[in-house]
Amino acid sequence: MEITKVQALTKQKYRIFLDGESAFAVYKGELSRYHLEEGAVLPPEVYEELVNRVLKKRATLRAMHILERTDKTEAQLRRKLEESEYPKEAVESAIAYVTSYGYLDDRRYAEHYIEWKKQGKGKARLKMELVQKGISREIIEEVLESTDFGETREMIRQIILKKRKTDIPMNEKEKQRLYGFLMRKGFSSSDILAVMREEEWRNNTEF
C-alpha cells in the first residue's frame, strides 16, 4: 500500500491516504514512529501493527466515551467512529467490544425509546423513527409487540383535548387538520375515526 497523501487535520492530527483513498487518522508522533510519509510504501505488517496496537484501542476508548454521554444505536455509533477517521477494522473491533459488555444494545435502545415516546405517538410513527436510527425492523417489531400501549383510543382522546382546549363541536376543517396531525403521529386511521365519531366530537355531519 502506497501512502499517497498525508493531510494535516490539526497541528497534531493527520489523515493518511493509502492508494488514493482516505484510510485513517493518526497523531504527529505516529507519523515518525511508523514512517508515514507521502510516497512511502506501508508494509502490511506495519499497517496491521498500527491498527491492532493503536487504532483499535483508540476507537474503543472513543466508543466508550460516546456511550457514557448518551445511548446510541449500533448504526449511530458506527457512523460516529467513521466520522472520527477510524479504519473499518478498528470500528468493528470497538463495536464488538462495547456490545460484548452490554454498553451497546439496539434492543434496549428500542425499549427505552418506545417507553419514552409512546405517549402521544402511534406504533407506525415509532417504527419509522427507529428505522431511521438504524435499528432492524425485526427488533422493532418484537419490541412493539411486547410493549403495553394501554388504551390507544384514550390516548387519541387526550391528544385531541390538549390540542383543542374547548368543548365546541369541531367543524370539518378542524377535523381534517386533527386527522392529519394524528396520522403523522402514527395512529391508525380506524382508531382516529372511531374517536372523532364519538358523540362528544359529533358536529351533525359525518366525518
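The values are calculated or read from the model by the stated rules, or taken from the named source; none is laboratory data. All values reported here derive from a predicted model rather than from experimental measurement. For neighbour counting, all protein chains shown are included, and Cβ atoms are generated from backbone atoms with ideal geometry for every residue, glycine included. The protein model used for the area step is the full one, side chains on, heavy atoms only, and it has no ligands, DNA or RNA in it. Shrake-Rupley method; radii C 1.70, N 1.55, O 1.52, S 1.80 Å.
A few notes on this one:
- Failed item in (1) surrounded by fewer than 19 Cβ atoms within 10 Å (Cβ to Cβ); (2) assigned to a strand (DSSP E or B), with His35 passing the rest: (2)
- Only listed residue being farther than 21 Å from Val91 by Cβ, part of a strand (DSSP E or B) and basic (Lys, Arg), chosen from Lys11, Lys5: Lys5
- Taking segment 113-128 as the range and being open to solvent by 90 Å² or more (accessible area, probe 1.4 Å) and not in a helix (DSSP H, G or I) as the test, only Gln119 passes.
- Residue in segment 96-105 that is farther than 30 Å from Thr70 by Cα, of a type outside the set (Phe, Trp, Tyr) and assigned to a loop (DSSP other than H, G, I, E, B) present: no
- Hits in segment 13-30 (condition: within 16 Å of Arg58 (Cα to Cα) and surrounded by fewer than 16 Cβ atoms within 10 Å (Cβ to Cβ)): Lys13, Arg15, Tyr27, Lys28, Gly29
- Residues that are more than 16 Å from Tyr86 (Cβ to Cβ) and open to solvent by less than 70 Å² (accessible area, probe 1.4 Å), drawn from segment 38-48: Gly39, Ala40, Leu42, Pro43, Val46
- One residue stands out in segment 153-173 among those that are surrounded by 17 or more Cβ atoms within 10 Å (Cβ to Cβ) and at pLDDT below 80: the one that is nearest to Arg197 (Cα to Cα), namely Met170.
- Boolean, Glu111 is without any contact (Cβ under 8 Å) to a residue 24 or more places away in the chain and within 17 Å of the chain's Cα centre (by Cα): no
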